[in-house]
Amino acid sequence: MPLSAEEIRKLQAKAQQLRCDMVDVTVWAGGAHIGGSLSMADVLTALYYHYLEVRPEEPDWPERDRFVLSKGHGGLGLSCVLADKGYFDKELLKEFNHFKSPFGMHLDGNKVRGVDASTGSLGHGLSMALGMSMGARFQKQAWRTYCMLGDGECDEGSVWEAAMAASHFKADTLTAFVDRNHMMIDGLTEDIMSLEPLAEKWTAFGWQVREVDGHDFAQIGEAIEGAQATQGAPTVIICQTVKGKGVDFMEAQVKWHYGSIDSELAAKAKASIMAGGNAGGAAAPATGGAS
Ligand SMILES: Cc1ncc(C[n+]2csc(CCOP(=O)(O)OP(=O)(O)O)c2C)c(N)n1
């Protein structure tokens with residue numbers, strides 16, 4: 001059922017709060033992958049606050065839906081979501097990436113409750129997610145598997161091996177998202193290794209392809225529901241997003257792939273998030289200005 005106006009309003013408010021949490025954790029950690037955590041924040045919010053069947057009080061519930069953060073450097077974003085959902089005490093985030101903390105910059109599924117796959121080395125998550133979706137089939141279980149890929153991550157050949165296998169096996173309970181923020185660690189995707197025409201590539205690999213504004217909850221919801229209704233093929237949802245979304249001085253700036261902020265800058269960042277709301281409107285492909 002499409003998201004109602006009230007549900008969208010609540011998701012927008014939740015995403016705003018989560019973005020502020022990400023800013024706080026970046027300060028506590030002394031630096032973090034803030035740009036790509038902010039760009040995927042709305043999709044994560046839609047999943048965890050509306051679509052995923054999970055039980056934070058029982059993280060290993062066998063029938064839960066699975067989520068694989070293939071762009072594992074977005075651990076900042078995912079850990080804020082998991083803390084807010086109650087998988088663990090939010091206070092623990094004050095130690096994010098500190099010595100002896102369970103939280104590395106990339107999340108370890110053996111140490112952090114609610115993390116279905118340990119990631120960080122790019123290019124592996126889609127294979128893991130495919131395995132999880134095949135596991136559901138073999139065990140005659142109904143869980144669905146979702147996987148978040150970075151667009152730069154799609155430079156990895158292993159992504160395409162997994163894509164080929166997923167369509168071969170008609171893995172229709174598998175849904176991948178590509179966080180299409182047009183940037184990677186040190187430049188624009190199209191300068192470093194051009195991905196376009198990206199939708200056509202996924203189509204050629206046998207996937208159902210949907211393209212959305214990755215900051216528009218109505219579009220995100222419609223695409224997820226379309227994926228859930230699709231039979232015989234996996235779905236990829238290409239989400240046009242803005243790196244650093246919500247923080248005016250971070251938006252569409254490659255240099256904010258990873259950054260450090262002090263409390264003064266954090267206050268400005270949070271003011272920008274709260275002033276901006278979330279009106280959708282993503283992602284004119286970036287054309288430069290990166291440093
Ligand atoms: C196998 C591997 N190679 C290189 C890296 C280093 N690395 C970390 S983030 C990143 C850029 C990824 O870009 P993208 O997937 O677009 O992420 P986003 O812009 O969404 O943060 C790279 C190359 C890595 N983590 N794993």
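The values are calculated or read from the model by the stated rules, or taken from the named source; none is laboratory data. Note that this is a predicted model, so its numbers are computed, not measured. As a convention, Cβ positions derive from the backbone with ideal geometry for all residues, glycine included, and neighbour counts pool all protein chains shown. Areas reflect the complete protein model, heavy atoms only, side chains present, ligands, DNA and RNA absent. Shrake-Rupley method; radii C 1.70, N 1.55, O 1.52, S 1.80 Å.
Using θ = phi - 60° and the Karplus curve 6.51 cos²θ - 1.76 cosθ + 1.60, what whole-Hz ³J(HN,Hα) does each residue of the stretch 176-189 get, with Gly and Pro shown as x?
Computed from phi, the couplings for the stretch 176-189 are 9, 10, 10, 7, 7, 8, 6, 9, 10, 6, 9, x, 7, 4 Hz.
Carbon-plus-sulfur fraction of the accessible area of the stretch 5-276, 1.4 Å probe, in percent?
Roughly 51 percent of what the probe reaches on the stretch 5-276 is carbon or sulfur.
Determine how many Å³ per residue the convex hull of the Cα atoms of the stretch 171-274 encloses.
109 Å³
Can you list the HN-Hα couplings for the stretch 239-246, worked out from phi with the Karplus curve (6.51, -1.76, 1.60; θ = phi - 60°), rounded to whole Hz and with x for Gly and Pro?
The phi angles translate into 9, 6, 9, 10, 5, x, 3, x Hz.
Determine the gain in length on full extension of the stretch A142-Q17; use 0.36 nm per residue of separation and subtract their C-alpha separation, reporting nm with one decimal.
41.9 nm
Mean Kyte-Doolittle of at least -1.0 plus a Cα span of 24 Å or more along the axis: flag which DSSP H helices in the chain meet both, please.
Passing helices, by number: 5-29.
Quick check for you: which residues of the stretch 6-47 have the amide N under 20 Å from the point 7 Å beyond the Cα of F99 toward its beta carbon?
Backbone N within reach: 27-32.
Based on DSSP H runs of at least 4 residues, each adding -39500 (n - 2.57), what is the mean residue ellipticity at 222 nm of the chain after dividing by all its residues, to the nearest 500 deg cm²/dmol?
Result for the chain, helices only: -11500 deg cm²/dmol.
Restricting the calculation to Cα positions, tell me the Rg (one decimal) and the Dmax (whole number) of the chain in Å.
Calculated on Cα positions, Rg and Dmax stand at 17.5, 53 Å.
With the other protein chains left in place, how much accessible area per residue, in square angstrom, belongs to the chain at a 1.4 angstrom probe?
Each residue of the chain exposes 41 Å² on average to a 1.4 Å probe.
Can you tell me, using C-alpha contacts under 8 Å and at least 6 residues apart, the relative contact order of the chain as a whole percent?
Relative contact order comes out at 23 percent.
Any lysines with Cα under 20 Å of the K255 Cα? List them, leaving off those in the same chain fewer than 8 positions away.
Reachable lysines: K71, K243, K245, K268, K270.
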